[in-house]
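Chemist: Before I ask anything, here is the structure I am working with.
The values are calculated or read from the model by the stated rules, or taken from the named source; none is laboratory data. The structure displayed is predicted, hence computed values, not measured ones. Counting neighbours? That spans all protein chains shown, and the Cβs are built from the backbone with ideal geometry, glycine included. In case anyone asks, the SASA skips ligands and DNA or RNA and just uses the protein heavy atoms, side chains included. Shrake-Rupley method; radii C 1.70, N 1.55, O 1.52, S 1.80 Å.
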Amino acid sequence: MKPKLLSILVLSLLFLSFPVFVSSETYTLPGENYNNIGLRGQLIMSVNVTLINLAPYPKFIVANPLYDFKVYRQDNGEWLVGHREETSGGMVYTPSPKTMNSTLNYRLGFWVYPYETVKVEFSITSEHEYYLPLRDYRDSCPEDVGLYILEYENGSLVRGRIGSYENLNSPICGVAYPQLLNYPLVIRFNEVLPSMDGYIKMLKYEGVVKFKITDVPDSADDNSTSKVEFPLFFAVSQPVIFHNATMSDFQPNYSMKYSDYLNFILGYRGLKATKGTKDSSQEPQKDPSDGLFKLTNNLISGATIKKPEIKEPVVEPLDFPIWVVYMGKDVNTLEISYRVKWNNYRG
């Protein structure tokens with residue numbers, strides 16, 4: 001055998017002897033940042049706020065590093081950006097040189113000069129990995145019934161674990177329906193400053209809010225091979241409500257409002273609302289002889305007074321958009337977005 005041919009043969013055998021690289025991932029349900037049906041909700045938003053300083057002297061605005069910020073003036077060189085570090089899980093911040101050169105009392109922020117109006121963008125980007133908790137799916141089955149561990153290799157499911165209900169009387173222990181997995185947070189951008197400083201006013205803000213919902217274990221599939229799918233049926237609400245702001249341009253269109261959802265669920269499950277009846281037997285019985293005087297609308301002198309009318313304050317019920325979602329084959333994510341806008345017309 002020629003030396004050249006021998007060297008090629010040896011090289012080929014070496015390649016064949018190398019172990020095949022296997023990428024494996026294990027998901028426990030529920031897991032970190034996702035619930036017991038594998039859903040994770042991530043908040044992403046960007047809001048442009050217009051501020052004015054009515055004082056005859058400059059004011060330093062202390063920023064909350066929970067948000068990235070960027071000041072739109074001159075060369076736009078004042079900003080702070082943060083992202084989540086994979087190894088530690090903590091936040092890493094990168095301020096601009098101009099921001100680092102204008103700190104005050106070891107606080108990061110920006111100056112607003114006398115009678116200046118300035119626009120500032122506050123944002124929570126996907127790099128922040130800011131997750132809103134989604135409730136676990138519940139039915140009449142015990143919590144540990146069903147799949148609770150999934151193991152993938154090279155994007156394909158290879159094994160899993162299933163929990164059961166040790167009750168011979170229950171071959172069926174539940175019926176699935178689109179449960180609501182979250183309720184909106186109410187934030188009050190326009191009510192922050194009055195309690196801090198009478199000179200700094202928020203004139204307006206507008207921006208975009210996004211809510212990205214991911215089926216975490218199913219997103220491990222690379223969609224290139226035959227695989228097991230895990231369809232999901234659930235409902236989610238608008239993630240954040242901006243108090244007194246206008247919210248519009250919902251994408252995709254929401255399925256219904258919360259008040260309609262309550263009726264929808266009852267109809268879907270074939271149930272009827274039961275109206276509570278007042279049980280008079282639970283009310284304390286009053287003895288007419290109790291007390292020294294009988295209450296009337298007349299004064300002791302005999303003059304008649306008008307009975308005061310007591311009007312209870314009317315509280316409007318909070319109603320908000322609901323999306324009823326079915327995630328099926330090759331659909332592992334849903335992104336909901338909408339616009340917010342608020343103006344202080346009083347200046």
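Chemist: What does the net charge come to around Asn263 if you take all other residues with beta carbon closer than 12 Å to its beta carbon, with K and R at +1 and D and E at -1?
Modeler: Summing Lys/Arg as +1 and Asp/Glu as -1 gives +2.
Chemist: Here's another thing I want to ask about it. Cα centroid distance between the stretch 193-210 and the stretch 35-83, in Å?
Modeler: Here the two parts' Cα centres lie 11 Å apart.
Chemist: OK, next. How much length, in nm to one decimal, is gained on full extension between Tyr115 and Val62, taken as 0.36 nm per residue of separation minus their Cα-Cα distance?
Modeler: 17.3 nm
Chemist: Additional query: Taking 41 Å as R0, compute the FRET efficiency from the Cβ-Cβ separation of Tyr106 and Asp136 and round it to 0.05.
Modeler: Plugging the Cβ-Cβ distance into 1/(1 + (r/R0)^6) gives 0.50.
Chemist: Whenever you get a sec, line up Leu51, Leu334 from highest to lowest accessible area (probe 1.4 Å, protein heavy atoms).
Modeler: My answer, sorted largest first, is Leu334, Leu51.
Chemist: May I pose another question? Mind running the shape call on the stretch 32-139? Use the C-alpha gyration tensor, a ≥ b ≥ c as the square roots of the eigenvalues: rounded below 1.5 for a/c, prolate if a/b tops b/c, oblate otherwise.
Modeler: Taking the square roots of the gyration eigenvalues as a ≥ b ≥ c, the stretch 32-139 is prolate.
Chemist: Stretch Ser337-Asn33 to full length: gain in nm at 0.36 nm per residue minus the Cα-Cα span?
Modeler: Extra length available between Ser337 and Asn33 comes to 107.4 nm.
Chemist: When Lys and Arg each count +1 and Asp and Glu each count -1, what net charge do the other residues less than 10 Å away from Pro231, Cβ to Cβ, add up to?
Modeler: -2
Chemist: If you don't mind, another one. At 1.4 Å probe size, with no ligands or nucleic acids counted, give the accessible surface of Asp330 in Å², nearest ten.
Modeler: Taking all protein chains as shown, Asp330 has close to 80 Å².
Chemist: Something else: Quick one: of Lys98/Lys204; Lys59/Lys257; Lys119/Lys210; Lys98/Lys210, which pairs are farther than 32 Å apart, Cα to Cα?
Modeler: Violating the 32 Å Cα-Cα cut-off are Lys59/Lys257.
Chemist: A follow-up question, please. If Lys and Arg each add +1 and Asp and Glu each add -1, what is the summed charge of the other residues whose beta carbon sits under 15 Å from the beta carbon of Val145?
Modeler: -3
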